[in-house]
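The values are calculated or read from the model by the stated rules, or taken from the named source; none is laboratory data. Please read all numbers here as calculations on a predicted model, not as lab measurements. Quick reminder, even Gly has a Cβ in these numbers, built from the backbone with ideal geometry, and neighbours come from all protein chains shown.
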Amino acid sequence: MISTKRQNDYSYLPFSETKTIDICRECFSAESERIADLGEKFMRYFMKNATREGVLFKTIKEITSDLNMPHQTLSKILKTLEDHKIIYRRNGIIGLWKE
């Protein structure tokens, strides 16, 4: 279980919470409002569940289930974030690029 302090304190991540959300909003500015909202929802989920190194060890199936989001939508969100060099995907992990 994640401690309350860790749930609310993202200082251990390479980007600050505010900066990450702002960058995320920028990435999805050309997308529909629905995709932009779900993209932001994913980033908040990522920040809450990532390790101190900025890595998320969850499968796509787990993430779609946790966020109640269709697989195709999550794939689009991940692809957009990857294209903007916010995240990377390798060998079953999703990582946050460092500043």
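For segment 57-82, which positions are loosely packed, with under 15 Cβ neighbours inside 10 Å, out of contact with any strand residue (DSSP E or B) (no Cβ under 9 Å at 6 or more places or on another chain) and in contact (Cβ under 8 Å) with a residue 24 or more places away in the chain?
Hit for segment 57-82 is THR59, nothing else.
Would you confirm, using the coordinates I've provided, whether TYR45 is within 15 Å of GLY95 (Cβ to Cβ), out of contact with any His (no Cβ under 7 Å at 6 or more places or on another chain) and modelled with pLDDT of 90 or more?
Details: within 15 Å of GLY95 (Cβ to Cβ): yes; out of contact with any His (no Cβ under 7 Å at 6 or more places or on another chain): yes; modelled with pLDDT of 90 or more: yes.
Taking the combined requirement at face value, the residue satisfies it.
Quick one: in segment 1-36, which of the residues that are of a type in the set (Lys, Arg) and at pLDDT below 75 is surrounded by the fewest Cβ atoms within 10 Å (Cβ to Cβ)?
Per the criteria, the residue is LYS5.
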